[in-house]
1. Report every pair of residues separated by at least 6 positions or lying on different chains whose Cβ atoms are under 8 Å apart, first residue within region 126-139 and more than 19 Å from residue 286 (Cα to Cα) and among the small types (Gly, Ala, Ser), second open to solvent by 50 Å² or more (accessible area, probe 1.4 Å) and part of a helix (DSSP H, G or I).
2. Which of the residues belonging to region 80-93 are more than 15 Å from residue 11 (Cα to Cα) and in contact with a strand residue (DSSP E or B) (Cβ under 9 Å, 6 or more places away or on another chain)?
3. For residue 16, only one of the following conditions fails: (1) free of Cβ contacts under 8 Å to residues at least 12 places away in the same chain; (2) of a type in the set (S, T, N, Q); (3) surrounded by 19 or more Cβ atoms within 10 Å (Cβ to Cβ). What is its number?
Amino acid sequence: MRYPDFLIIGVMKCGTTTLFRDLELSDRIFMPRDKEPSSLALPRIRTAAGARRYTSLFARATSDQLCGEASTAYTKRPTYEGVPQTCRELLPEHAKFICMLRHPIKRIISHHNHEHTWDRMGPSIDEAVREHPELIAYSSYAMQLQPWLETFGDDRVMVVKFEDYIADRHAQADRLCEFLGVPAVSHLINLDAVHNSADTRSIPAPLATKFRNGPIYQRFVKHLLPYAAVNKMRHLWARPKPPRPAPPTQDTVDYLIEQLQPDIDRLPELLGPTAPTWDLEAAPTSGPAAAATTA
């Protein structure tokens with residue numbers, strides 16, 4: 001029963017899929033094909049069956065490979081609490097953690113678009129940020145990072161700014177490889193590859209989802225087919241996506257800044273002078289707010 005040597009812990013809609021796909025190019029790294037097992041955030045990990053199921057994800061790893069996985073649930077407080085403590089109890093003492101952060105308001109816009117695409121939120125982001133507190137909570141990066149840093153220290157937690165990673169994937173990926181102690185992968189990265197973009201992501205039809213979650217696909221099909229073939233199947237099974245929602249109004253951006261700024265101001269206290277910074281005012285808006293959105 002082998003537990004991972006490192007985790008990509010999030011944050012949601014901050015480029016973790018691109019990071020996941022870049023790091024798995026290394027022959028010294030083994031990661032399960034499917035991202036987001038989220039097992040360490042769920043109570044069943046503390047059962048014998050849950051532990052066996054989770055550690056089976058790494059059964060194909062060789063002894064000279066580092067095992068890792070990526071689950072954004074690990075930085076989704078308060079939805080999931082206590083994940084760092086679970087990791088301290090179960091993971092190897094040398095385990096390391098990578099967290100990707102993005103402009104907080106742009107992350108919220110992307111998160112809302114994702115939830116709307118899956119019919120879990122309405123089209124108005126002005127209403128959604130007031131009705132769904134997780135949109136703001138998941139962009140409260142100091143709150144999300146504090147328990148990880150308190151549990152493991154800043155020498156085992158590396159924070160990556162999404163904008164820096166996208167601007168220079170080669171250099172940033174090699175920096176992460178150095179952090180993990182494996183050879184560089186920059187020469188293997190295809191900069192034209194787009195992973196999990198909102199514009200390219202497919203939304204499976206209900207029957208396709210049922211098949212993909214079934215035992216035949218999970219136990220056999222996905223392990224026999226190469227990733228490119230599985231990805232092509234997902235596009236063939238896709239249903240049409242709804243139109244992208246309009247960006248927030250200026251009143252909503254002002255509301256989000258008011259909610260987020262105190263948390264973002266705490267990042268230098270946690271991470272030191274290298275803490276990522278953003279201009280929260282630099283968020284897309286759709287014009288004047290309707291009176292109902294400020295009620």
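The values are calculated or read from the model by the stated rules, or taken from the named source; none is laboratory data. Just so it is clear, the structure is predicted and the values come from calculations on it, not from any experiment. Every residue, glycine among them, receives a Cβ derived from its backbone with ideal geometry; neighbour counts consider all protein chains shown. SASA here: full protein model, heavy atoms, side chains in, ligands and nucleic acids out. Shrake-Rupley method; radii C 1.70, N 1.55, O 1.52, S 1.80 Å.
1. Taking only residues 6 or more apart or on different chains, the pairs are 137/143.
2. To start, the set of residues in region 80-93 that are more than 15 Å from residue 11 (Cα to Cα) comprises 82, 85-93.
Of everything in region 80-93, those that are more than 15 Å from residue 11 (Cα to Cα) and in contact with a strand residue (DSSP E or B) (Cβ under 9 Å, 6 or more places away or on another chain) turn out to be 87, 91.
3. Among (1) free of Cβ contacts under 8 Å to residues at least 12 places away in the same chain; (2) of a type in the set (S, T, N, Q); (3) surrounded by 19 or more Cβ atoms within 10 Å (Cβ to Cβ), the lone unmet condition for residue 16 is (1).
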